Amino acid sequence: MTQPPDAIVRRTSPTVVLLHTVTFRQARQFVPVVIPIAAATGLGGGTRTVVTLIVGVTLLSLVTAALTWWRFGYADGPAAVVVTRGLLSRSVRTVPNDRIRGVEVETPVLHRIFGLVRVRIDAAAGAQAGKDEELLIDGVTRAEGDRLRVAVLTHRPAPGLPGAQDAAAEPVEEQFARFDNRWLFYAPLVGSYLAVPFAAVSALFRLADELPARFQPHLDETALSDGQLLLVAAVAAVLLLWLGSVVGAAVVNWGFTLVRRGGSLVAVRGLVTRRHTELEVDRIRGCTVAEGAGMRLVGAARVNALVTGLGDANRRGQLLPLGPRTEAWTLVRRLVPDPGPLRRHPAAARQRRLVRATSPGLALTAAGLVATPLAGWWELLVAGVVLVSLGVPLGLGRYAALGHAVGAESLAVRSGWLVREEAQLERRAVVGWRVQQSLFQRRAGVATVVACVGAGNGGYAALDMAAEEIAAFTAAASGSWATTFSRPAG
Amino acid sequence: MTAVPFPVREPAWSLSRSAIGLWVTESVISSVVTGIAATAVAVFVPSEPGTALPTLRWLVPVLALAYAAVAIGIRPWFKHRVYRWEVTADAVFTRTGWLTQTWTLVPISRIQTVDVTRGVLQQLFGLSTVAVLTASSQGTVRIWHLDADVAQRVAEDLAHRAEQVRDEAT
């Protein structure tokens, strides 16, 4: 790819040197080297040493930050974006415009103070996705960031795409979704948000361990009886989890809006770090609607877009991080045509789900039946019976989640109990079919069909579909090539 | 077992007979490895009476022998009946597997790359594998153990046709 002469090589803002000096961004990699040296040369304590160290590290940080800034350049030409960097060994990365899938503008707190933004340009990821598929331009002014985003997205040659032409003519804005702060109360029922307080608490414990003994909180163990202590601890833990997940969800999703601007979808969110993600509507092949077991209780759902060639799709493809089910489905219907109501899977599928859900319990019960008279291990028997009785509703729940549908322009498959996920796919999304049948499935007359999609996690499965329906389903849900499944050989 | 109909039809063409030789060789190698491990169990596990250990000492070698018998004597011929492939006017179609069978169908218009690979054992038997990759990580079709010249021709033909009918490929 040759760079046309009219592409000016630009630099990031010089302010970023200051920013990176403060955060020791480049100097951080020297820390593991410096500490043993300092220890070996026997630098004692004393205020002078500390001051020397601080000044030295800051100077080092300033120098590396300045060098990095000096050696970094980027150019957004009409055909490609080129980023040049590297202190000693130079690296030049060229990404052709037609391979750019999205642009993300982030504003972390410090960047906001200095009036800077960080621009992430996503290039198409192949079948083997890697972290290398993006360009990171750290520290341009906000105006330059916006210019770059617009420039990169409009340079993209897209003559045949109606969406892109609309964008050139009149960039109409249409609001698709807006976060309502009341939705934050769904957060305690979502697994990933519950993980936030856990991480915070474990960090706290690690910190407490490193404090000198006299600063550590001194718990008087005799003051409370064990029962009271447990109760207090449990209530405190529940409150902490509840609060932590709400705060975590607020930090990530604050002020979330999803807007369609011409041919792209723009999502903005975040309390501390503002993120601005732009996705091309024409690259969206479908959506997934995920509802965890807890979310189903309160009718909440999460929507992700399936964008071809988008790396880190779980984060970048989010269209509705958390919201009521009705809102989620309104959003999905704007992007994917309705394939109609889901069809249930045959009774054999229910039987298979039940067998699978109860088999660990049944095995344990059997072991218990043997072990109770022999060794008196009745606990095994009890555990087995409990597991079986839990397995029955689990199996039925997993069966109830199964379903598939096919319409004129789209298809849908749904599965999962802990997290029930429904994939709504456009017809053109399907790049292949895989049919899988085990010996047990053959006897039950069912098989699993996977629609291979060049987006999301690569494939969406309809578990245990009736074997005789498969040829008709695949033929109806994709192009004429899928009739190969039923057409006589020859 | 053949009474139950397949969920979809089977691809038209079977593999060359040399694939059986390759599978037998693979099974022999894995049986030797399992055999060594089983012998180690029989030799080194102490036989303390009253525990499960003495049972283990004869059970493991018996299982290893049974595995070897199935893997060498039955599986290669069974696989040869299951593994089938076909290139139609608009798609690549394969069936693979053994106890669990997998049918994969990929339209030629969505092919991104076509690879031909030859493993060490495959070279001994003059075989190659054609891998057809699409934009989906799960939508990869592998036509195993074709005769090397057939594989080469198939790969060239597919690459050529994919170029002509390519739509967006994603």
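The values are calculated or read from the model by the stated rules, or taken from the named source; none is laboratory data. This is a predicted model, so every value here is computed, not measured. Cβ: placed from backbone, ideal geometry, glycine included. Neighbour counts: every protein chain shown.
Among the strands (runs of 3 or more DSSP E) lying completely within region A:405-490, list those that include at least 1 residues that are touching a strand residue (DSSP E or B) at 6+ places or on another chain (Cβ under 9 Å), farther than 16 Å from residue B:90 by Cβ and facing another protein chain (nearest Cβ under 8 Å).
Details: elements: A:410-415, A:419-426, A:430-437, A:446-453, A:459-466.
Here the list reads A:430-437, A:446-453, A:459-466.
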- When you scan region B:1-43, how many residues do you find that are free of Cβ contacts under 8 Å to residues at least 60 places away in the same chain and either in contact with a strand residue (DSSP E or B) (Cβ under 6 Å, 6 or more places away or on another chain) or not hydrophobic (A, V, I, L, M, F, W, C) (or both)? 9
- Only residues in region A:6-29 that are closer than 15 Å to residue A:117 by Cβ and outside the structural domain of residue A:79 (by TED's automatic domain parsing) count as the first member; pair them with residues that are modelled with pLDDT under 75 and assigned to a loop (DSSP other than H, G, I, E, B), Cβ under 9 angstrom, at least 6 apart or cross-chain, and list the lot. none
- From the list A:65, A:7, which residue is within 18 Å of residue A:137 (Cα to Cα) and at pLDDT 80 or above? A:65
- Message: Which condition from (1) out of contact with any Phe, Trp or Tyr (no Cβ under 8 Å at 6 or more places or on another chain); (2) on the phi < 0 side of the Ramachandran plot is the one that residue B:96 breaks?
- Response: (1)
- Query: Which condition breaks for residue A:436 when tested against (1) within 22 Å of residue B:131 (Cβ to Cβ); (2) of a type outside the set (A, V, I, L, M); (3) in contact with a Leu (Cβ under 9 Å, 6 or more places away or on another chain)?
  - Reply: (3)
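Residues that are surrounded by 17 or more Cβ atoms within 10 Å (Cβ to Cβ), modelled with pLDDT under 75 and in contact with a Leu (Cβ under 7 Å, 6 or more places away or on another chain): which helices (runs of 4 or more DSSP H) entirely in region A:92-186 hold 2 or more of them? Walk me through how you get there before you give the answer.
On the way: elements: A:109-114, A:142-155, A:162-169.
In region A:92-186, there are no helices (runs of 4 or more DSSP H) which contain 2 or more residues that are surrounded by 17 or more Cβ atoms within 10 Å (Cβ to Cβ), modelled with pLDDT under 75 and in contact with a Leu (Cβ under 7 Å, 6 or more places away or on another chain).
So that you can scan it fast, the table gives a plain yes or no per residue for (1) hydrophobic (A, V, I, L, M, F, W, C); (2) outside any helix (DSSP H, G or I); (3) surrounded by fewer than 21 Cβ atoms within 10 Å (Cβ to Cβ); (4) modelled with pLDDT of 85 or more:
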{"residue": "A:196", "(1), (2), (3), (4)": "yes, no, yes, no"}
{"residue": "A:208", "(1), (2), (3), (4)": "yes, no, yes, no"}
{"residue": "A:252", "(1), (2), (3), (4)": "yes, no, no, yes"}
{"residue": "A:301", "(1), (2), (3), (4)": "yes, yes, no, yes"}
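Could you check, for region A:382-400, whether at least one of its residues is of a type outside the set (Ser, Thr, Tyr) and part of a loop (DSSP other than H, G, I, E, B)? Talk me through it step by step, then tell me what you get.
Quick first cut of region A:382-400, residues of a type outside the set (Ser, Thr, Tyr) only: A:382-388, A:390-398, A:400.
This time we only want the ones that are part of a loop (DSSP other than H, G, I, E, B), so: none.
The answer is no; no qualifying residue exists.
Go through the residues of region A:320-340 one by one and say whether even a single one is more than 30 Å from residue A:429 (Cβ to Cβ) and touching a residue at least 60 places away in the same chain (Cβ under 8 Å). Break it down stepwise before answering.
Kept after step one, since they are more than 30 Å from residue A:429 (Cβ to Cβ), are these residues of region A:320-340: none.
Within region A:320-340, not a single residue is more than 30 Å from residue A:429 (Cβ to Cβ) and touching a residue at least 60 places away in the same chain (Cβ under 8 Å).
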- Being farther than 28 Å from residue B:128 by Cβ, modelled with pLDDT under 90 and not aliphatic (A, V, I, L, M) is the filter here, so list the residues in region B:1-38 that pass it. B:2, B:5, B:7
- helices (runs of 4 or more DSSP H) completely within region B:1-117 that count 3 or more residues being more than 10 Å from chain A (Cβ to nearest Cβ), in contact with a Ser or Thr (Cβ under 9 Å, 6 or more places away or on another chain) and closer than 30 Å to residue A:469 by Cβ: B:75-82
- Of all residues in region B:128-143, how many are assigned to a strand (DSSP E or B), crowded, with 19+ Cβ neighbours inside 10 Å and either modelled with pLDDT under 90 or within 12 Å of chain A (Cβ to nearest Cβ) (or both)? 3
- Note on the structure: Sole miss for residue A:285 among (1) touching a helix residue (DSSP H, G or I) at 6+ places or on another chain (Cβ under 8 Å); (2) buried (at least 19 other Cβ atoms within 10 Å of the Cβ); (3) of a type outside the set (Val, Ile, Thr); (4) assigned to a helix (DSSP H, G or I) is condition (4)
- Query: Just wondering, is there one or more residues in region B:44-62 that are modelled with pLDDT of 90 or more and either under 13 Å from the mean Cα position of the chain (by Cα) or exposed (fewer than 13 other Cβ atoms within 10 Å of the Cβ) (or both)?
  - Reply: yes
- Task: Assess whether residue A:431 counts as being under 30 Å from residue A:332 (Cα atoms) and touching a Cys at 6+ places or on another chain (Cβ under 6 Å).
- Result: yes
- Given the conditions (1) within 30 Å of residue B:112 (Cα to Cα); (2) touching a residue at least 40 places away in the same chain (Cβ under 8 Å); (3) not basic (Lys, Arg), report the number of the one that residue A:314 does not fulfil. (2)
- Among the numbered criteria (1) touching a Gly at 6+ places or on another chain (Cβ under 7 Å); (2) without any contact (Cβ under 8 Å) to a residue 24 or more places away in the chain, which single criterion is violated by residue A:488? (1)
